[in-house]
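Undergrad: Here it is, the structure in full.
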Amino acid sequence: MFIQIVEDDKALSDGIEITLSDGNTQFKQEYTVKDAASGFKNYGGTLSLIILDINLPDGTGYDYLK
């Protein structure tokens, strides 16, 4: 499984990764809408799940969903 975490609070993002880690799951942490969109272009076809914050420094999670 491959999960993208889009969360600007690094400690919270790390906590999500630690909590969901099972040894087989890969994570990609992104901290802005821009980085998340760029990452999606590079590896989006392999994602199983996106965990998305709504309030991000350069926009909202809704902007990323569009």
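Undergrad: Go ahead and collect, in residue order, the members of region 7-21 whose backbone nitrogen is under 12 Å from a label point 7 Å along the Cα-Cβ direction of residue 49.
TA: Zone members listed by number: 16-21.
Undergrad: Round to a whole number: what % of the accessible area of the chain belongs to carbon and sulfur, probe 1.4 Å?
TA: 53 percent
Undergrad: Moving on to the next point. What are the residues whose amide H is under 5 Å from the amide H of residue 60, where those residues sit 5 or more places off or on another chain and H is modelled from the backbone?
TA: For residue 60, no residues qualify.
Undergrad: Provide, for the chain, the number of lysine pairs with alpha carbons under 14 Å apart, each pair being eight or more places apart or on different chains.
TA: Taking the chain as the scope, the lysine pair count is 4.
Undergrad: May I ask you to give the solvent-accessible area per residue for the chain, in square angstrom, as obtained with a 1.4 angstrom probe?
TA: That works out to 64 Å² for each residue.
Undergrad: Of (i) 1.51; (ii) 1.09; (iii) 1.03, which is the value of Cα Rg over 2.2 N^0.38 Å derived from the coordinates here?
TA: The value computed from this structure is option (iii).
Undergrad: So what's the back-of-envelope 222 nm ellipticity for the chain, counting only DSSP H runs of four-plus at -39500 (n - 2.57) apiece and dividing by all residues, rounded to 500?
TA: My calculation for the chain gives -11500 deg cm²/dmol from helical runs alone.
Undergrad: In sequence order, what are the phi-derived ³J(HN,Hα) couplings for region 45-58 according to the Karplus relation 6.51 cos²θ - 1.76 cosθ + 1.60 with θ = phi - 60°, rounded to whole Hz, with x for glycine and proline?
TA: Once θ is set to phi - 60°, the couplings for region 45-58 become x, 9, 6, 9, 7, 10, 9, 10, 6, 7, 9, 10, x, 10 Hz.
Undergrad: Here is a further query. Using amide H atoms built in the peptide plane, which far-off residues or other-chain residues are under 5 Å from residue 29 H to H?
TA: Under 5 Å from the amide H of residue 29: 5.
The values are calculated or read from the model by the stated rules, or taken from the named source; none is laboratory data. Note that the structure is a prediction, hence the values are computed from the model and not measured. Cβ atoms come from the backbone with ideal geometry, glycine included; neighbour counts cover every protein chain shown. For the accessible areas, the whole protein counts, side chains as well, though only heavy atoms, and no ligand, DNA or RNA atoms are used. Shrake-Rupley method; radii C 1.70, N 1.55, O 1.52, S 1.80 Å.
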